[in-house]
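Worksheet: one structure, shown below.
The values are calculated or read from the model by the stated rules, or taken from the named source; none is laboratory data. Since the model is a prediction, treat every value here as computed from it, not as a measurement. A quick note on method: Cβ atoms are made from the backbone with ideal geometry, for glycine too, and the neighbour counts reach across all protein chains shown.
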Amino acid sequence: MRKRYALIAAVLLSSAAWSQDAADLSAVHKIKHEGLENSQVEEIAFHLTDASGPRLTNSPGYQRAAEWAVGQLTEWGLKNAQLEKWGEFGKGWQTEKYYAAMTEPYYFPLIGAPKAWTSGTNGPISGEVVLMNATTEEDLAQYKGKLAGKIVLVKSTAETAPTFEPDGTRLTEEELLEKGKQPIGHSSRYTPEFIAQYRARRALQQKIGAFLQEENAALIIRGTRGKHGTFFTSNGASYQGDAEPALAEIEMAPEHADLMARLLEHDQPVKLEADVQTRFFDQDLGAYNVVAEIPGTDKNLKSELVMLGGHLDSWHAGTGATDNAAGCIVMMEAVRILQQSGLRPRRTIRIALWSGEEQGIYGSRNYVKNHFADQATMQLKPDHSKLSAYYNIDNGTGRIRGIYLQGNDAVRPIFEAWFAPFKDMIDHPTVTIQNTGGTDHLGFDAVGLPGFQFIQDPIEYGTRTHHTNMDVYERLVKEDLQQMAVIVASMVYHTAQRDEKLPREPLPQPEKSMFE
């Protein structure tokens, strides 16, 4: 009998919890109508990508996008829209001109881009290409005294074999079921072996860079990862305010770098001409996030916060459409939907578009440090107790298929209830206990605040767009952006309306980056 009463009590408690967190269907209807019938995602996308250009932190492109976002959020009626300084970042940088072509044994234009924060060539240059194949520090000795004024092609190790699967995919039911499983044990890819290999690769690349700088090469060319005319890009030098200028360096589509390498390995001389112009911006080394608010309306809850965001900065070879204009498009559209729907959130809703994510999640981590807590010391600030949740988008243009709980299982029934009205928009909605990394929710999670990243269809993210020259407007999927904005708006609204803040996990221990 006692067991029977206990079971009845558990059912009643579960029903009460479900009732408290059941979605407000009237609000969901308004959100769906505004987001699907009056969508602005294409217009927002145009301004953040085509009109702004590449958005490397502290570059003119980032400034254009950030200022436009502040103005647009203000126009929509959000309050306190501003550029908020989070600390010092370093120099801005942009490409002013890029041209490179092989001229012998025949003319051939080359797909590539300057590496971020590298210098230019000080005008057009031409000359023979020298192939450098160095897999260890000892390999550098054979090139000592032979590279001054030379165009140096660093041997590529990129995989360029044909592919037999599509670039773009959606998550299958089986993949979602696997994501939903409780992981057994610690399965992080950041094992001691992985970290050791990462540090070794980084150390070797730094030594090769220092060697080429000492040898005073005229131009460095590296075949980078990628296929089919797409290449992945990165930074090639320090952006610190007092950093010494680095040599001119081009990242190149691996097929084009390999073409020259094969010619040289067959003892056929290769000549190249290039003109690379880059520009640094060091008038203001500080960096800024975009922030704006929809003020809360409940006198007891309006001092509490629900946050949503994505990183506004991008790499420079494309216009950062899927990484991460997509996230910013969705979050801006989500707050526009809430404003236009006439809904009155009880808590204050704050949107943040971050800078410095690509160099180390700096914008969001420093925002958390400035407003909530210091991850290194776990010294809490008063606003730490006021944040209910932070929601992030940063996995491309693919539609939402669920959410990662980051180990916070107490939130599971709440999110499942809030996803329920969207089963017509989400195939197999998945709420998983698993963690995901690499983006701006981590700074919140690291100090014990509920920070969440959504599960998204990959589309072409890992194969075609993430950090590449093909991360451009055409790679965005309008219907997926609309779906995401509607779901995010609903999640944020229901978080703002809940009587209590979302459940939290215990405070973590102070922690430093594993890569330091």
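Figure legend. Inter-residue proximity from region 367-379: first residues free of Cβ contacts under 8 Å to residues at least 60 places away in the same chain, second residues crowded, with 19+ Cβ neighbours inside 10 Å and among the small types (Gly, Ala, Ser), beta-carbon distance below 7 Å, spacing 6+ or different chains. Indicated pairs: Gln379/Ala373. Consider region 77-110 and keep the residues that are in contact with a Phe, Trp or Tyr (Cβ under 7 Å, 6 or more places away or on another chain) and aliphatic (A, V, I, L, M). The one that is surrounded by the most Cβ atoms within 10 Å (Cβ to Cβ) is Met102.
Just checking, does region 312-335 include any residue being more than 30 Å from Glu175 (Cβ to Cβ) and surrounded by fewer than 23 Cβ atoms within 10 Å (Cβ to Cβ)? No: zero hits.
Residues in region 175-194 that are at pLDDT below 65 and either in contact with a Ser or Thr (Cβ under 6 Å, 6 or more places away or on another chain) or of a type in the set (A, V, I, L, M, F, W, C) (or both): Ile184 only.
Answer yes or no: is there a residue in region 498-507 that is within 17 Å of Gly402 (Cβ to Cβ) and either outside any helix (DSSP H, G or I) or of a type outside the set (Phe, Trp, Tyr) (or both).
To start, the set of residues in region 498-507 that are within 17 Å of Gly402 (Cβ to Cβ) comprises 502.
Next cut, either outside any helix (DSSP H, G or I) or of a type outside the set (Phe, Trp, Tyr) (or both) only: 502.
Within region 498-507, one or more residues are within 17 Å of Gly402 (Cβ to Cβ) and either outside any helix (DSSP H, G or I) or of a type outside the set (Phe, Trp, Tyr) (or both).
Scanning region 254-269 for residues that are closer than 16 Å to Asn133 by Cα and not charged (D, E, K, R) turns up Pro254, Ala257, Leu259, Met260, Ala261, Leu263, Leu264, His266. Is it true that some residue in region 346-361 is assigned to a helix (DSSP H, G or I), in contact with a Phe, Trp or Tyr (Cβ under 6 Å, 6 or more places away or on another chain) and in contact (Cβ under 8 Å) with a residue 60 or more places away in the chain? No, every residue in region 346-361 fails to be assigned to a helix (DSSP H, G or I), in contact with a Phe, Trp or Tyr (Cβ under 6 Å, 6 or more places away or on another chain) and in contact (Cβ under 8 Å) with a residue 60 or more places away in the chain.
For Arg64, the requirement of being without any contact (Cβ under 8 Å) to a residue 24 or more places away in the chain, more than 21 Å from Ser490 (Cα to Cα) and either outside any strand (DSSP E or B) or in the same structural domain as Gln205 (by TED's automatic domain parsing) (or both) is met. Among the conditions (1) closer than 30 Å to Phe415 by Cβ; (2) in a loop (DSSP other than H, G, I, E, B), the only one that Ala237 does not satisfy is (1). Of the numbered criteria (1) surrounded by fewer than 18 Cβ atoms within 10 Å (Cβ to Cβ); (2) of a type in the set (D, E, K, R); (3) assigned by TED's automatic domain parsing to the domain that holds Met132, the one Glu249 fails is (1). Inside region 31-74, residues that are buried (at least 24 other Cβ atoms within 10 Å of the Cβ) and on the phi > 0 side of the Ramachandran plot make up a count of 1. Taking each residue of region 191-211 that is surrounded by fewer than 12 Cβ atoms within 10 Å (Cβ to Cβ) and looking for partners that are at pLDDT 85 or above and not hydroxyl-bearing (Ser, Thr, Tyr) with beta-carbon atoms closer than 9 Å, six or more apart or interchain, yields Ala203/Glu137. Only one of the listed residues (Pro183, Pro162, Pro166) is in contact (Cβ under 8 Å) with a residue 40 or more places away in the chain, surrounded by fewer than 18 Cβ atoms within 10 Å (Cβ to Cβ), part of a loop (DSSP other than H, G, I, E, B) and of a type outside the set (Phe, Trp, Tyr). That residue is Pro183.
Can you work out which of the residues in region 436-474 that are part of a helix (DSSP H, G or I) and among the small types (Gly, Ala, Ser) is modelled with the highest pLDDT? First the steps, then the outcome.
Initially, region 436-474 is screened for residues part of a helix (DSSP H, G or I), giving 441-445, 461-465, 473-474.
Then drop every residue that is not among the small types (Gly, Ala, Ser), which leaves 443, 462.
On the way: Gly443: 98, Gly462: 94.
Out of the qualifying residues, it is Gly443.
Scanning region 129-159 for residues that are in a loop (DSSP other than H, G, I, E, B) and touching a Lys or Arg at 6+ places or on another chain (Cβ under 6 Å) yields Asn133, Ala158.
Restricting attention to region 375-406, the residues being outside any loop (DSSP other than H, G, I, E, B), within 25 Å of the chain's Cα centre (by Cα) and not aromatic (Phe, Trp, Tyr) number 9.
When Thr439, Thr468, Thr463, Thr432 are screened for being within 27 Å of Thr377 (Cα to Cα) and within 24 Å of the chain's Cα centre (by Cα), only Thr439 passes.
Count of region 440-464 residues, restricted to those that are of a type in the set (S, T, N, Q) and more than 24 Å from Glu304 (Cα to Cα), is 2.
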